[in-house]
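So the structure is just underneath, and the comments pick up after that.
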Amino acid sequence: MKLSRSAGILLHPTSLPGKFGIGDLGPAAYKFVDFLEKSGQGLWQVFPLGPTGYGDSPYQCFSAFAGNPNLISPELLLKDGLLKNEDLQNTPEFGDGTIDYGAVINFKKELLHKAHLNFLSSKKKSLLDSYEEFVKKEKEWLDDYALFMASKDFHGGVLWTEWDKSIALRDESKMSSWKKKLADGVKYHKFVQFCFLTQWTKIKEYANKKSIKIVGDLPIFVAYDSADVWANKELFSVDKTGNLKTVAGVPPDYFSKTGQLWGNPLYNWQEMANDDYLWWRNRIKALLKIIDIIRIDHFRGFEAFWQIPGGAPTAQKGKWVKAPGKELFSSIEKHLGKVPILAEDLGVITPEVEDLRDTFNFPGMKILQFSFGATGEKKFLPHNYIKNCVVYTGSHDNDTTRGFFEEAKKNSSKNDIYKFAQEYLNCYGNEGELVKAALKSVYSSVADTVIIPMQDLLNLGTEARMNFPGKLGGNWGWRLKEGDLRDDYAAYLSYLMEIYQRAPVKKKVATSEKK
């Protein structure tokens with residue numbers, strides 16, 4: 001895939017401001033798109049949009065196809081007549097700081113159940129027709145997902161292997177009775193997905209009309225506690241009773257000394273090959289309905305994956321196993337045509353992984369933070385970039401760039417990183433000035449695409465970090481505050497876009513880069 005010279009911002013919708021405890025697809029999302037347009041940006045990158053489960057991670061979802069109910073905007077439900085003014089009058093004082101997921105989930109569930117009751121009594125033909133069309137079009141994944149979630153609710157939210165065995169193992173002689181018993185819950189979860197897709201489609205269309213494309217994330221693996229595994233056990237590394245035989249992760253690297261034990265089931269690639277990777281083709285096709293460009297997380301797993309025994313305490317003991325990457329992407333291309341894919345090719349990258357990436361002309365990733373100091377990877381320095389790549393100052397799995405520089409300055413073992421960054425960026429001011437110099441260095445590079453985490457544009461420190469790999473709880477909670485999308489930030493980005501020729505349309509050059 002060939003990308004035009006462009007730039008964008010990484011900001012997950014949960015990080016948008018607003019009074020409902022979590023960012024959503026309401027007015028703040030539209031204001032953010034307006035900010036992107038004003039800044040000359042052509043890309044908005046988000047994390048996976050699925051319904052989050054354990055740990056609230058967007059990389060551990062109950063479905064690879066469904067949307068996150070917490071992103072549904074109460075204000076838009078009110079506008080559509082699915083909520084009443086009094087339904088929002090007792091909204092808790094969430095504040096605009098870190099997301100309290102427990103409180104938010106309970107609040108949103110209560111509102112969505114009210115909206116569903118109002119929907120059931122609605123006589124608005126256009127709304128009812130749209131819902132029926134949605135249910136029919138998305139039946140292939142929606143039926144299993146809604147039944148899975150209804151059963152999870154019925155069983156108190158526990159892992160599906162702990163449900164009544166007849167539905168956990170999908171006993172065909174009992175499934176019809178379970179569907180009848182859970183019918184109300186099934187209808188509710190289908191309605192919630194209808195609300196999500198309706199709202200997301202509108203914000204995506206709004207962005208696309210302003211020449212802004214959505215870059216979405218596809219985690220290579222799915223969660224163990226998901227409708228995908230429950231409904232398709234034969235496609236994953238679980239036995240007939242659902243127990244994990246092997247799990248996914250990565251060996252020790254610069255993120256973790258003991259590696260990362262993700263715990264996701266691996267794929268039964270041989271079984272998937274029998275129908276020419278139909279499940280994968282359906283997944284890609286569904287994702288392309290809601291985003292424009294796919295970023296594949298842990299791309300190297302399509303060439304070979306780190307296989308860890310089920311029940312292992314860490315990711316240290318495992319082995320690399322070959323995956324059918326070329327066959328898979330050839331099948332996708334045969335059935336779906338050229339798909340716009342970015343490859344997250346970080347970590348242990350071999351010539352075989354590079355060959356897989358380059359065979360399909362997928363742009364790879366560069367992370368500026370990884371380049372500094374004696375132990376830094378020099379391929380991530382801007383003078384070593386190639387055109388066909390996507391550059392980030394940092395990723396969601398490491399510190400903000402300001403936090404990175406502040407830690408390097410105060411930590412004597414990392415002092416060479418700080419000095420190297422100063423010399424390379426030709427900047428000897430404070431850490432805030434170094435961040436600005438870092439932004440300029442990636443914008444000025446030959447790389448076709450630059451995407452900056454919103455925290456780095458705002459020059460925020462470690463307090464705004466999104467995720468600490470291996471840390472349980474306290475992740476994915478950072479949010480923008482009202483007023484953060486200031487005009488001077490937009491002017492600064494416009495300046496960078498113009499001077500480094502990344503602007504999608506010709507704009508007037510700002511007279512100053514000062515923020």
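The values are calculated or read from the model by the stated rules, or taken from the named source; none is laboratory data. Since we're looking at a predicted model, the values are computed, not measured. In this analysis, Cβ positions are derived from the backbone assuming ideal geometry, glycine residues included, and neighbour counts consider all displayed protein chains.
What to note about this one:
- Contact annotation: residue pairs with Cβ atoms under 7 Å, 6 or more positions apart or on different chains, pairing a residue in the range 272-301 that is within 23 Å of THR449 (Cβ to Cβ) with a partner that is assigned to a loop (DSSP other than H, G, I, E, B) and among the small types (Gly, Ala, Ser), are ARG300/GLY347; GLY301/ALA323.
- Counting only residues that are among the small types (Gly, Ala, Ser), assigned to a loop (DSSP other than H, G, I, E, B) and more than 14 Å from PRO252 (Cβ to Cβ), the range 311-338 holds 3 of them.
- Condition met for LEU49 (under 20 Å from PHE194 (Cβ atoms) and of a type in the set (A, V, I, L, M)): yes
- Of residues in the range 467-496 being touching a strand residue (DSSP E or B) at 6+ places or on another chain (Cβ under 9 Å) and aliphatic (A, V, I, L, M), the one farthest from GLY263 (Cα to Cα): LEU496
- Checked against (1) out of contact with any helix residue (DSSP H, G or I) (no Cβ under 6 Å at 6 or more places or on another chain); (2) among the charged types (D, E, K, R); (3) surrounded by 17 or more Cβ atoms within 10 Å (Cβ to Cβ), LYS79 passes all but a single condition, namely (3).
- Qualifying residues in the range 170-217 (those that are under 30 Å from the mean Cα position of the chain (by Cα), under 21 Å from MET149 (Cβ atoms) and among the hydrophobic types (A, V, I, L, M, F, W, C)) - the one surrounded by the fewest Cβ atoms within 10 Å (Cβ to Cβ): LEU197
- Within the range 147-175, residues that are among the charged types (D, E, K, R) have Cβ atoms under 6 Å from residues that are assigned to a helix (DSSP H, G or I) and modelled with pLDDT of 95 or more in these pairs: ASP153/GLY185; LYS174/SER166, counting only partners at least 6 apart in sequence or on another chain.
- Condition met for LEU117 (free of Cβ contacts under 8 Å to residues at least 40 places away in the same chain, among the hydrophobic types (A, V, I, L, M, F, W, C) and surrounded by fewer than 16 Cβ atoms within 10 Å (Cβ to Cβ)): yes
- Residue in the range 372-391 that is in contact with a Gly (Cβ under 9 Å, 6 or more places away or on another chain) and within 19 Å of GLU463 (Cα to Cα) present: no
- Matching option when the condition is in a loop (DSSP other than H, G, I, E, B), among the charged types (D, E, K, R) and surrounded by 15 or more Cβ atoms within 10 Å (Cβ to Cβ), among ASP345, ASP275: ASP345
- Beta carbons closer than 8 Å, at least 6 apart along the sequence or on distinct chains, pair a first residue in the range 79-92 that is on the phi > 0 side of the Ramachandran plot with a second that is of a type outside the set (Val, Ile, Thr) and not in a helix (DSSP H, G or I) for GLY81/SER122; GLY81/LYS124.
- Residues that are hydrophobic (A, V, I, L, M, F, W, C) and either more than 19 Å from the chain's Cα centre (by Cα) or closer than 14 Å to GLY97 by Cα (or both) within the range 28-44 comprise just one, PHE35.
- Hits in the range 384-405 - residues which are of a type outside the set (Lys, Arg) and under 18 Å from SER6 (Cα atoms): TYR385, ILE386, ASN388, CYS389, VAL390, VAL391, TYR392, THR393, GLY394
- Note on the range 469-483: residues that are surrounded by fewer than 18 Cβ atoms within 10 Å (Cβ to Cβ) and within 26 Å of ALA437 (Cβ to Cβ) total 2.
- Tally of residues being outside any loop (DSSP other than H, G, I, E, B), surrounded by 23 or more Cβ atoms within 10 Å (Cβ to Cβ) and over 14 Å from the mean Cα position of the chain (by Cα) across the range 1-27: 2
- Residues of the range 224-282 satisfying the condition of being more than 30 Å from ALA150 (Cα to Cα) and either touching a helix residue (DSSP H, G or I) at 6+ places or on another chain (Cβ under 8 Å) or of a type in the set (S, T, N, Q) (or both): TYR254, SER256, THR258, GLN260, GLN270, ALA273, ASN274, ASP276
- Of all residues in the range 100-110, at least one satisfies being hydroxyl-bearing (Ser, Thr, Tyr), surrounded by 15 or more Cβ atoms within 10 Å (Cβ to Cβ) and part of a helix (DSSP H, G or I).
- When ASP416, ASP397 are checked against the criterion of being of a type outside the set (Lys, Arg), over 20 Å from ASP484 (Cβ atoms), in contact (Cβ under 8 Å) with a residue 60 or more places away in the chain and surrounded by fewer than 24 Cβ atoms within 10 Å (Cβ to Cβ), ASP397 stands alone in meeting it.
- Of all residues in the range 220-234, those satisfying the criterion of being surrounded by 22 or more Cβ atoms within 10 Å (Cβ to Cβ) and touching an Asp or Glu at 6+ places or on another chain (Cβ under 7 Å) are VAL222, ALA227.
- In the range 305-349, residue modelled with the lowest pLDDT [restricted to those that are within 23 Å of THR246 (Cα to Cα) and among the β-branched types (Val, Ile, Thr)]: VAL348
- Restricting the range 441-465 to residues that are touching an Asp or Glu at 6+ places or on another chain (Cβ under 8 Å) and either buried (at least 18 other Cβ atoms within 10 Å of the Cβ) or hydrophobic (A, V, I, L, M, F, W, C) (or both) leaves a set whose member that is nearest to GLN260 (Cα to Cα) is ARG465.
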